[in-house]
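Q: Structure below; questions to follow.
Nothing in this text is a laboratory measurement; each read-out follows from the coordinates by a stated rule. Predicted model, so just to flag it, every value in this text is computed and none were measured. Cβ atoms come from the backbone with ideal geometry, glycine included; neighbour counts cover every protein chain shown.
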Amino acid sequence: MKRNVFIALLATASLTYACQQGANKGETGATTSDSIEQASFDAVIDGKDVKLYALQNDRLRVTLTNYGARLVSLNVKGKEGEETDVILGYDTADEFKQNASNYYGAIVGRYGNRIGNASFTLDGATYELEKNNGENSLHGGTNGVFNKVWTVEQSSDRAITLAYTSPDGEAGYPGTVTMKVTYSLTDEGGLVIDYEGSTDKETVLNLTNHAYFNLNGEGDSTILDHELQIDADAITEVDAALIPTGKSLTVAGTAFDFRKPQTIGSRIDTDNEQLKVGKGYDHNFELVKGEGFRKVATVYAPKTGIEMQILTTEPGLQFYSGNFMTDSDPKGKGGKGYPFRSAFCLETQHFPDSPNQPSFPSTVLKPGEQYTTKTEYRFFVK
Ligand code: BGC
């Protein structure tokens, strides 16, 4: 008999899900088997209902919210049926809103990552964005899509599609952009994220998910013991404000060489200019070119035996080792602390500042074109 019983409740305008534990079988309502409670999670943001949704199969149990189309929890089931929640987050939608600028679990954009000088020129026009990171724009500005209430277009216990239409000029970006993100589970332990977008005017688009992972389980421990492997021969060199200089740096012989598995902590504090500017790893890894959807990275946590593989269609992977997290960051789920380097992000995306860097793969989207990208986080317990 399954340990968790999943019940889908059809509400008038949207589908709301509640996970029940075997012990709760027969009760309706809203308790997930971790600490997040449906009823206390829900909120109204910008006049719209924000709710918690769930996906579940034998390997994974995931909760999400339509606020920022974001992952709230990602439980990996172990050999004995035990569950480890491997992403950071909060117990309530209101806390996600109050702390929106840490982007926990959210879809970021319209342009995930940085745009230098918060401006770019396209089709003869210059567009000014919000400077929310020094002189630069980060993750679409404070009015980005992570801070919007998305519409749930369809959902089941295996997949959910969220949609958002960003009006022409929103956060400074041209074109009315219609975007859709579908999260789905596979029988092989995968959480797949499919992104789609279209525009009515030439624009740039670079969406990614900004989950903060700790494969030891979200909470106090650092991620320095995790073993990481990335299929990248080079990183994108950045200046002191983490804006690309336009050059690529080969990883060979440096602390950025993850072509063979290395623990995140083994070289993070070595004397390296690029590590100094990032206060650790905060760099775009230029993925070895491959056709289409392919495996690009693997992370393994010896303590739990959880391995996560990353597959993507994207050319870049931003590896951020939680260097700007502080020991006094607001408490997360269940009151747990999220101190310095207690999580990492591996964001599949195009390179930072591509709209100002003609040699980088293009992020331009034109009317009539379809933006489609796909990323999968696939989990194994060893
Ligand atoms: C960036 C970091 C930033 C973090 C949170 C990451 O994608 O690379 O520099 O601190 O997001 O904003």
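Q: For the chain, rounded, prolate or oblate, judged on the Cα gyration tensor with a ≥ b ≥ c (square roots of eigenvalues), a/c < 1.5 rounded, else prolate if a/b > b/c? If you can, show how the numbers build up before the last one.
A: On the way: a/c = 1.71, a/b = 1.21, b/c = 1.41.
Oblate shape, in that a/c is at least 1.5 and b/c is the bigger or equal ratio.
Q: In the structure shown, do any of Lys201/Lys289; Lys148/Lys247; Lys260/Lys289; Lys51/Lys374; Lys97/Lys366 have a Cα-Cα gap over 23 Å, and if so which? Let's see the in-between values first.
A: Numbers: Lys201/Lys289 30 Å; Lys148/Lys247 35 Å; Lys260/Lys289 17 Å; Lys51/Lys374 25 Å; Lys97/Lys366 32 Å.
Beyond 23 Å between Cα atoms: Lys201/Lys289; Lys148/Lys247; Lys51/Lys374; Lys97/Lys366.
Q: In the chain, which longest range has no GluC sites (Glu not before Pro) that are both DSSP loop (not H, G, I, E or B) and surrounded by at most 14 other Cβ atoms within 10 Å? Numbers along the way, then the final one.
A: Details: sites that count: Glu27, Glu80, Glu82, Glu135, Glu188, Glu291, Glu369.
Segment 189-290 is the longest.
Q: May I ask for the distance between the Cα centers of the range 317-382 and the range 146-218, given as a whole number of Å?
A: A separation of 13 Å, based on Cα centres.
Q: Related question: Can you give the extra length, in nm with one decimal, that the chain gains between Ala252 and Val44 once fully stretched, where that is 0.36 nm per residue apart less the Cα-Cα distance?
A: Stretched out fully, the Ala252 to Val44 stretch lengthens by 69.9 nm.
Q: Please name whichever of Thr161, Gly116, Gly172 sits farthest to the positive end of the charge dipole of the chain, dipole taken about the Cα centre and charges placed at Cβ: Lys and Arg +1, Asp and Glu -1.
A: Result: Thr161.
Q: Rounded, prolate or oblate: which fits the range 101-251, taking a ≥ b ≥ c as square roots of the Cα gyration tensor eigenvalues, rounded meaning a/c under 1.5, else prolate when a/b beats b/c? Walk me through the numbers before you get to the answer.
A: Values: a/c = 1.86, a/b = 1.10, b/c = 1.69.
Taking the square roots of the gyration eigenvalues as a ≥ b ≥ c, the range 101-251 is oblate.
Q: Quick one: grab the alpha carbon gyration tensor of the range 29-121, order the square roots of its eigenvalues as a ≥ b ≥ c, and give me rounded if a/c is under 1.5, else prolate or oblate depending on whether a/b is larger than b/c. Don't skip to the end; give the middle numbers.
A: Numbers: a/c = 2.76, a/b = 1.56, b/c = 1.77.
Oblate.
Q: Still on this model: Using the basic label-point model (7 angstrom from Cα toward the beta carbon), what is the Thr372 to Phe293 distance in nanometres?
A: For the pair Thr372/Phe293, the computed spacing is 1.0 nm.
Q: Among the trypsin sites (Lys or Arg not before Pro) within the range 273-356, which fall in a DSSP loop and have no more than 11 other Cβ atoms within 10 Å of their own Cβ? Intermediate values should be presented prior to the final figure.
A: Values: sites: Lys276, Lys279, Lys289, Arg294, Lys295, Lys303, Lys331, Lys333, Lys336, Arg341; in loops: Lys279, Lys289, Lys303, Lys331, Lys336, Arg341.
For trypsin sites (Lys or Arg not before Pro) across the range 273-356 that sit outside H, G, I, E and B with at most 11 neighbouring Cβ atoms in 10 Å, the list reads Lys289.
Q: Something else about it: Using θ = phi - 60° and the Karplus curve 6.51 cos²θ - 1.76 cosθ + 1.60, what whole-Hz ³J(HN,Hα) does each residue of the range 249-255 get, with Gly and Pro shown as x?
A: Residue by residue, the range 249-255 yields 10, 5, 7, 3, x, 10, 5 Hz.
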